[in-house]
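Some notes on the structure that comes next.
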Amino acid sequence: MTDPASVLTPHVQAAMAAAFGPEWREADPVIRPANKKQTSADLQVNAAMAAAKKVGRPPREVAAAIVEHLDAAELVASAEIAGPGFLNITLQDDWVAASATDLLRSDRLVPLPDADERQRVVVDYSSPNAAKEMHVGHLRTTVVGDALARTLEGIGHEVIRQNHLGDWGTPFGMLAEHLLEVGEDSDEAHLLETDPNTFYRNARATFTATEKSSDPDSFAARARRRVALLQGGDAESLRLWHGIIELTKGYLRRVYDELDITLTDDDIAGESMYNDELPGICDALQEKGIAVISEGALCVFLDGYTGREGKPIPLIVRKSDGGYGYATTDIATLRHSSLELKADRALYVVGAPQNLHFRMCWETTDKAGWVKGTVPTHVQIGNMLGADGKLLRTRSGDLVTLQSVVDSALERAATVVAESRPDLDEETRATISHQVGIGALKYADLSISHDSEYTFDLDRMLSLTGNTGPYLQYATARIRSILRRADAVVTDGPITLTEPAERALALRLLDYGTVVTSVGESLEPHRLCAYLFDVAQTFTTFYEHCPVLKAEDAAVKDSRLALCALTLRTLVEGLSLLGIQSPDQM
Ligand code: ARG
């Protein structure tokens, strides 16, 4: 890593080992950013306070011993003992400049992990239901999941995307029968690609209208028979079901394409994929004594899971009618990720209310011995709320669809861009407003911690000021424009530092790799957002204080252009890890 704390760490450890003995080689030196209100130093080392008791000397003495043994002249300009015994470290300007230059010239901003630290990570995200339109809840799981997948890949991990499509269950009898009735290539059938809810509603309406009929050939009767045929593997029924799934894939491609989401057809790992495994899973759970029959259903009761009045909560793996549910499938997904895919981590980017479901499924899977070296994590997604603080719903009470949210963001972005750039031709403006609208929507989702609720606010998310997508996109466009005007063919430094604002920017840019890597561990994209926002603001201060194109001295101008180039690269790469494009101009 290029950030100063990471570079300083082994030096402090070596000093502690030299002063207090070899057992201090691996100690955490507790390095933090210095408190800018109290000191002009860059970093604060708190190791002395933590070590004092063990060493048996007062903290300030311990700090003095560390300084005495610190061998880092190239890195550290001064180390001053302050307060109860922490060390204020000021870094050498030359080190900051040289490190920034190295970073600019290296082909990766995030160093590749060592081979043994490279992980295989399954990311289950988006995961809508076939023949149903995606709603706002799916927007957030899709956007956060995609950002995590891109970030983990950007770090150098191997990512296996899984779109756990809800593509099985009793409604498919009714849907298959409706498809047959309207014609497999009819306009109604193609609604599955453009307006799946209407197709679903029409099927449901026909079913309800005939539900009470005693005619054995009524729609409802045929739909019921179709369920049984499908479950029994009847070829014609499976063909119809397949038709529904193919049309659904068309719908998903359209949505993902519009949103610039990296999921493809190949990533679909729907519920149906696990059908054949479900009976075996239930048998094994029963044999192992993990599942028992209760009121006709096969259930798992786990310690510590109780509901009202202390009643144990069952995890139903086989219903009393013999059908399998969502839980059985999720036991299968984790087993598959672990035993087949040999994943180090399995991330489920799914709404927070499903947490109990996942914890019970995982514990069951683990008890059965089907989790080998895989750590499952539920990346909990909080709800998106309307201005009234309630779930975003339409007047008829349904959750707002994903498409209507996307459309309103795109519409607003078009207005913003038409106002700010009336000089551009329509086509260019359309490209930019698409990038800005989608960028704004995604950034609004990502910049707030994924498990907290957030209020959908078009004005805020499309604002050109504040911690928003458009603000960051604008920052990249502005730097691009500076570089264009400079006619600089190569901007590879060296970076030299004369002004404090240059130094502050260079230092902040050195943190990028560490921030991205930590997001790969904590799975918190909002930390990357906060960092990029800070970089953009630090850049603004730099640009206000340091003339770039008008710099008198040629070497200073080159250095400042190089700082611009490194800032641009950092912002563009950071945004792309979040799934956000950077327009050429804005
Ligand atoms: N299809 C589900 C829904 O729309 C989400 C599935 C999430 N993934 C999983 N492995 N359970 O709520």
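The values are calculated or read from the model by the stated rules, or taken from the named source; none is laboratory data. Worth saying up front: this structure is predicted, and the values here are computed from it rather than measured. Every residue, glycine among them, receives a Cβ derived from its backbone with ideal geometry; neighbour counts consider all protein chains shown.
Filtered by the rule that a residue be part of a helix (DSSP H, G or I) and in contact with a strand residue (DSSP E or B) (Cβ under 6 Å, 6 or more places away or on another chain), the range 334-369 gives LEU334, SER337, ALA352, ASN355, PHE358, MET360, TRP362, GLU363, THR364. Selection of first residues in the range 201-222 that are surrounded by 13 or more Cβ atoms within 10 Å (Cβ to Cβ) and of second residues that are at pLDDT 95 or above and aromatic (Phe, Trp, Tyr), restricted to Cβ pairs under 6 Å at least 6 apart or on distinct chains, gives the following pairs, ordered by first then second residue: THR206/PHE219; THR210/PHE219; ALA220/PHE207. Looking only at residues that are away from the ligand (no atom under 14 Å from the Cβ) and within 26 Å of SER452 (Cα to Cα) in the range 314-371, which one is surrounded by the most Cβ atoms within 10 Å (Cβ to Cβ)? Looking at residues that are away from the ligand (no atom under 14 Å from the Cβ) and within 26 Å of SER452 (Cα to Cα), I get ARG345. When each of ALA440, ALA418, ALA413, ALA387 is tested for being crowded, with 19+ Cβ neighbours inside 10 Å, outside the structural domain of LEU528 (by TED's automatic domain parsing) and aliphatic (A, V, I, L, M), the lone residue that passes is ALA413. On the given criteria, is THR374 at pLDDT 95 or above, buried (at least 17 other Cβ atoms within 10 Å of the Cβ) and touching a Ser or Thr at 6+ places or on another chain (Cβ under 8 Å)? When the stated conditions are applied, THR374 passes them.
Given the criteria surrounded by 17 or more Cβ atoms within 10 Å (Cβ to Cβ), modelled with pLDDT of 95 or more, away from the ligand (no atom under 16 Å from the Cβ) and under 28 Å from GLY233 (Cα atoms), does CYS282 qualify? So CYS282 fits the description; yes.
Table: residues versus (1) under 20 Å from SER6 (Cα atoms); (2) touching a strand residue (DSSP E or B) at 6+ places or on another chain (Cβ under 8 Å).
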| position | (1), (2) |
| --- | --- |
| ASP93 | yes, yes |
| VAL96 | yes, no |
| LEU104 | yes, no |
| LEU109 | yes, no |
| PRO113 | yes, no |
| ARG120 | no, yes |
| SER126 | no, yes |
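Restricting attention to the range 161-187, the residues that are within 16 Å of the ligand (Cβ to nearest atom), outside any loop (DSSP other than H, G, I, E, B) and surrounded by fewer than 23 Cβ atoms within 10 Å (Cβ to Cβ) add up to 3. Out of the residues in the range 97-130 that are part of a strand (DSSP E or B) and within 16 Å of the ligand (Cβ to nearest atom), which is modelled with the lowest pLDDT? Here the answer is ASN129. Taken over the range 223-244, the criterion of being within 28 Å of LEU139 (Cα to Cα) and surrounded by 20 or more Cβ atoms within 10 Å (Cβ to Cβ) is satisfied by TRP241, ILE244. A single member of ALA501, ALA551, ALA536 is in a loop (DSSP other than H, G, I, E, B) and touching a helix residue (DSSP H, G or I) at 6+ places or on another chain (Cβ under 6 Å), and it is ALA551.
Do you know which residues across the range 82-100 are closer than 29 Å to GLY56 by Cβ and free of Cβ contacts under 8 Å to residues at least 24 places away in the same chain? GLY83, the sole residue that qualifies.
For the structure I just gave you, tell me whether VAL416 is of a type in the set (Val, Ile, Thr), over 24 Å from the mean Cα position of the chain (by Cα) and not in a loop (DSSP other than H, G, I, E, B). In short, yes. Filtered by the rule that a residue be over 15 Å from VAL417 (Cα atoms), aliphatic (A, V, I, L, M) and surrounded by 15 or more Cβ atoms within 10 Å (Cβ to Cβ), the range 476-495 gives ILE479, ILE482, LEU483, ALA486, ALA488, ILE495. Among residues of the range 51-63 that are closer than 13 Å to ILE81 by Cβ, those with a beta-carbon under 7 Å from a residue that is loosely packed, with under 14 Cβ neighbours inside 10 Å and at pLDDT below 95 at least six positions away or on a different chain give the pairs ALA52/PRO58; PRO59/PRO84. For the range 293-315, the criterion of being under 29 Å from VAL123 (Cβ atoms) and without any contact (Cβ under 8 Å) to a residue 12 or more places away in the chain is met by at least one residue.
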